[in-house]
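What follows is one structure encoded as structure tokens, with my remarks underneath.
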Amino acid sequence: TFYTGGLLVSNSQADLCYIGFFSAERGEYNSFSNIRAINCEYGAYIIAGNNAFSNIQFESNRTGMYYGTGVNPGKSSVTGGSINHSLDKGLDINGLTFGQNFYGVQIQVNDIYILNSDAVQFLNCDIGSTVISVTNSTNTNFKQCKFIITPTTFTGLSICLFSSTEWLATPPTGFTDKNEQPLEVLGSVTATAHVTTGGLASQFVKGDGS
């Protein structure tokens, strides 16, 4: 299904298509809601900016959602729903220079690739990806996200920003969360760190000489 701009698309399904939902370079200001793509090469293929998706269900596509470079890429959002069981990549984001937001999306049993992009942000998402690759990108932010598994490969871990995340598995080596860092305090207690594992919060206090 092809859309060229300014449409409200709702309650639609794409099955066994090459591209389920497509927004061309100037196909901006579309709103997609309550849509489903299954068994497609691309659930959605977006190279335009200013598009909003809500309550999506993308399942068993080769690539769940592809975002690519156009004349005005990014500045878009995905709110609610799921991108699951993609055969190749769940999210393939390349060249988004004006940001992209994911709010409350389940991204499970597929991989995430972010390349040459700025300000790709995940808020309150459930993430179960064995591969997360963030390359030549800035301001990739995971806030209040729940990680279901430990990625076997996390390229670019050190350049990502994490805040108030929850891990149901062991975080990868080198992981830090800015809200779980040691805090210097006065007195005999020198450092405090909060660690969240499996939904349970623990507090570890280190005193002088211990």
Accessible carbon and sulfur surface of segment 34-112 relative to its total accessible area, %, 1.4 Å:
42 percent
Explain nothing, just the number: dipole magnitude of segment 1-80 about its Cα centre with +1 on each Lys and Arg Cβ and -1 on each Asp and Glu Cβ, in debye rounded to the nearest 20.
100 debye
Got a sec to turn the phi values of segment 96-101 into Karplus ³J(HN,Hα) couplings, 6.51 cos²θ - 1.76 cosθ + 1.60 with θ = phi - 60°, whole Hz, x for Gly and Pro?
8, 9, 10, x, 7, 10
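Per residue, how large is the accessible surface of segment 1-124? Use a 1.4 angstrom probe and give square angstrom.
Value for segment 1-124: 41 Å² per residue.
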For labels at THR79 and GLU25 in the simple 7 Å Cα→Cβ model, what's the distance in nm?
3.0 nm
As a test of understanding, state the convex hull volume per residue of segment 49-136 from its alpha carbons, in Å³.
73 Å³
Fully extended, how many nm does the chain gain between ARG62 and SER12 (0.36 nm per residue separation, minus their Cα-Cα distance)?
16.1 nm
Report the one residue of HIS85, PHE102, THR63 whose Cα lies farthest in the direction of the positive end of the charge dipole of segment 21-118 (charges on C-beta: Lys and Arg +1, Asp and Glu -1; origin at the Cα centre).
PHE102
Which whole-Hz couplings ³J(HN,Hα) result when phi for each residue of segment 57-68 is put into the Karplus expression 6.51 cos²θ - 1.76 cosθ + 1.60, θ = phi - 60°, listed in order with x for Gly and Pro?
9, 10, 9, 6, 8, 5, 10, x, 9, 10, 10, x
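The values are calculated or read from the model by the stated rules, or taken from the named source; none is laboratory data. Computed from a prediction, not measured in an experiment: that's the story for all the values here. Note that each Cβ is placed from the backbone with ideal geometry, even for glycine, and that neighbours are counted across all protein chains shown. Surface areas here come from the heavy atoms of the whole protein model, side chains and all, with no ligands, DNA or RNA. Shrake-Rupley method; radii C 1.70, N 1.55, O 1.52, S 1.80 Å.
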